Amino acid sequence: GRQRITLTVNGQQRTLDVAPNMALLDVLRHQLELTGTKKGCDLGQCGACTVHVNGVAINSCLSLAIMHDGDEITTVEGLEKNGQLHPIQQAFLEHDAYQCGYCTPGQMMSAVAILNDASVGSDDASVREAMSGNICRCGAYNNILGAIQTARK
Ligand code: FES
């Protein structure tokens, strides 16, 4: 049977009945129709599905939705506030930090988490290392790094 959970998603409380084997990613995309979060590998290897759970970036393909009862989830749709792009979104635009764009939501969610994490150094090498779980098949890595360093300012 399905289990009832309540999530706060991008500031809105949502009560849902979910199958116990359903990944958070699939609940976000299919039950909440938040399709900004992407499915790349479904194996925890590409980072396309990155969202924040209580402020921490996770691969939502690897996490069962039922484990998140009561949690606060932020997806890429929650970055923009009052019609204003988040600084990371603005910086990605300015730096052309994407080509096909498929990995971009996950890249941005990881970037925001890194910018909020005082334990991650601000030098390029530290940022590259911290972003290494987010794969970009187009190879936009240099522009992504540039965007992150611009958004930091
Ligand atoms: Fe989750 Fe690739 S879809 S890490």
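Just so it is clear, none of the values below were taken in a lab; they were calculated from the coordinates. A quick note: this is a predicted structure, and the numbers were derived from the prediction, not measured. Cβ coordinates were reconstructed from backbone atoms using ideal geometry, including for glycine residues, and neighbour counts include every protein chain displayed.
What the table shows:
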quantity	calculated
On Cα atoms only, tilt of 141-152 relative to the major axis of the chain in degrees	90
Environment charge at residue 31 (Cβ cut-off 9 Å; Lys +1, Arg +1, Asp -1, Glu -1)	-1
Residue 23 long-range amide H proximity, modeled H, under 5 Å	65
Sorted by Cβ density within 10 Å, fewest first, the residues 152, 4	4, 152
Amide N of the range 10-54 lying under 11 Å from the label point, which is placed 7 angstrom from the Cα of residue 72 along Cα→Cβ	10-12, 53-54
Simple label model, 7 Å out from Cα along Cβ direction - residue 137 to residue 39, nm	1.5
Phi to ³J(HN,Hα) by Karplus 6.51 cos²θ - 1.76 cosθ + 1.60 over the range 66-73, Hz, x for Gly, Pro	5, 6, 10, 3, x, 7, 9, 10
Proximal charge balance of residue 112 [Cβ under 15 Å; K/R count +1, D/E count -1]	-1
Whole-Hz couplings from phi, Karplus 6.51/-1.76/1.60, listed for the range 36-41; x for Gly and Pro	x, 6, 9, 9, x, 9
Structure-based [θ]222 nm, the chain - -39500 (n - 2.57) summed over DSSP H runs of at least 4, per residue, nearest 500	-7500 deg cm²/dmol
